[in-house]
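K.L.:
If you scroll down you'll find the structure; I have some questions about it.
The values are calculated or read from the model by the stated rules, or taken from the named source; none is laboratory data. Everything numeric in this text was worked out from a predicted model, so none of it was measured. Glycine also receives a Cβ, built like all others from the backbone with ideal geometry; neighbour counts cover every protein chain displayed.
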């Protein structure tokens with residue numbers, strides 16, 4: 001169960017009710033999640049439009065429940081370990097899943113949202 005009071009936020013911001021409810025349901029199904037990847041959550045929540053999801057995630061960031069951080073997509077198509085507050089602080093090389101290092105300058109940087117503890 002998430003520590004975010006989604007009901008209170010939905011009553012303050014009714015225009016985000018559907019998106020907030022979807023994020024709450026996703027977090028309840030993924031209690032171990034520390035980070036929300038908008039691409040992952042949007043694939044699992046097809047009933048919520050991408051704009052509605054983006055606006056709800058941005059609202060959660062604005063009220064201090066989420067922090068935007070950056071991850072690097074590896075050549076094998078998964079997100080590398082490590083979260084960076086600023087994309088300019090990403091090292092030039094990171095390990096892939098099999099401890100094979102890759103050049104991050106040629107990789108996609110993905111914005112994700114970290115739950116605030």
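K.L.:
Report whether or not residue 62 is surrounded by fewer than 19 Cβ atoms within 10 Å (Cβ to Cβ), out of contact with any helix residue (DSSP H, G or I) (no Cβ under 9 Å at 6 or more places or on another chain) and at pLDDT 95 or above. Talk me through it step by step, then tell me what you get.
P.N.:
Values: surrounded by fewer than 19 Cβ atoms within 10 Å (Cβ to Cβ): yes; out of contact with any helix residue (DSSP H, G or I) (no Cβ under 9 Å at 6 or more places or on another chain): yes; at pLDDT 95 or above: yes.
Against the criterion (surrounded by fewer than 19 Cβ atoms within 10 Å (Cβ to Cβ), out of contact with any helix residue (DSSP H, G or I) (no Cβ under 9 Å at 6 or more places or on another chain) and at pLDDT 95 or above), residue 62 qualifies.
K.L.:
Return a yes/no flag: does the range 45-52 have any residue that is in contact with a strand residue (DSSP E or B) (Cβ under 6 Å, 6 or more places away or on another chain) and either surrounded by fewer than 16 Cβ atoms within 10 Å (Cβ to Cβ) or modelled with pLDDT of 90 or more (or both). First the steps, then the outcome.
P.N.:
Start the filter on the range 45-52 by keeping residues that are in contact with a strand residue (DSSP E or B) (Cβ under 6 Å, 6 or more places away or on another chain), which leaves none.
No, the range 45-52 contains no residue that is in contact with a strand residue (DSSP E or B) (Cβ under 6 Å, 6 or more places away or on another chain) and either surrounded by fewer than 16 Cβ atoms within 10 Å (Cβ to Cβ) or modelled with pLDDT of 90 or more (or both).
K.L.:
A follow-up question, please. Would you please list the contacts, defined by Cβ atoms under 7 Å and residues six or more apart or on different chains, that run from a residue in the range 49-62 that is not assigned by TED's automatic domain parsing to the domain that holds residue 13 to a residue that is surrounded by fewer than 19 Cβ atoms within 10 Å (Cβ to Cβ)?
P.N.:
Pairs that qualify, where the first residue is not assigned by TED's automatic domain parsing to the domain that holds residue 13 and the partner is surrounded by fewer than 19 Cβ atoms within 10 Å (Cβ to Cβ): there are none.
K.L.:
Taking the range 68-111, which residues are in contact with a helix residue (DSSP H, G or I) (Cβ under 7 Å, 6 or more places away or on another chain) and closer than 29 Å to residue 23 by Cα? If you could, list the steps in order and put the result at the bottom.
P.N.:
Taking the range 68-111 first, the residues in contact with a helix residue (DSSP H, G or I) (Cβ under 7 Å, 6 or more places away or on another chain) are 68, 70, 72, 90-94, 109.
Result: 68, 70, 72, 90, 109.
K.L.:
Continuing with the same structure: For residues in the range 2-12 being in contact with a helix residue (DSSP H, G or I) (Cβ under 6 Å, 6 or more places away or on another chain) and in contact (Cβ under 8 Å) with a residue 24 or more places away in the chain, which is surrounded by the fewest Cβ atoms within 10 Å (Cβ to Cβ)? Before the answer, list the steps.
P.N.:
Of the residues in the range 2-12, the ones in contact with a helix residue (DSSP H, G or I) (Cβ under 6 Å, 6 or more places away or on another chain) are 2, 6, 9-10.
Still in the running and in contact (Cβ under 8 Å) with a residue 24 or more places away in the chain: 2, 9.
Numbers: 2: 16, 9: 20.
Restricting to residues being in contact with a helix residue (DSSP H, G or I) (Cβ under 6 Å, 6 or more places away or on another chain) and in contact (Cβ under 8 Å) with a residue 24 or more places away in the chain, the top hit is 2.
K.L.:
Being loosely packed, with under 11 Cβ neighbours inside 10 Å and not in a loop (DSSP other than H, G, I, E, B) is the filter; apply it to the range 67-113 and report the residue that is modelled with the lowest pLDDT.
P.N.:
For the range 67-113, the residue satisfying everything is 106.
K.L.:
Follow-up. Can you name every residue in the range 13-44 that is touching a residue at least 24 places away in the same chain (Cβ under 8 Å), surrounded by 18 or more Cβ atoms within 10 Å (Cβ to Cβ) and in a helix (DSSP H, G or I)?
P.N.:
16, 19, 20, 22, 23, 27
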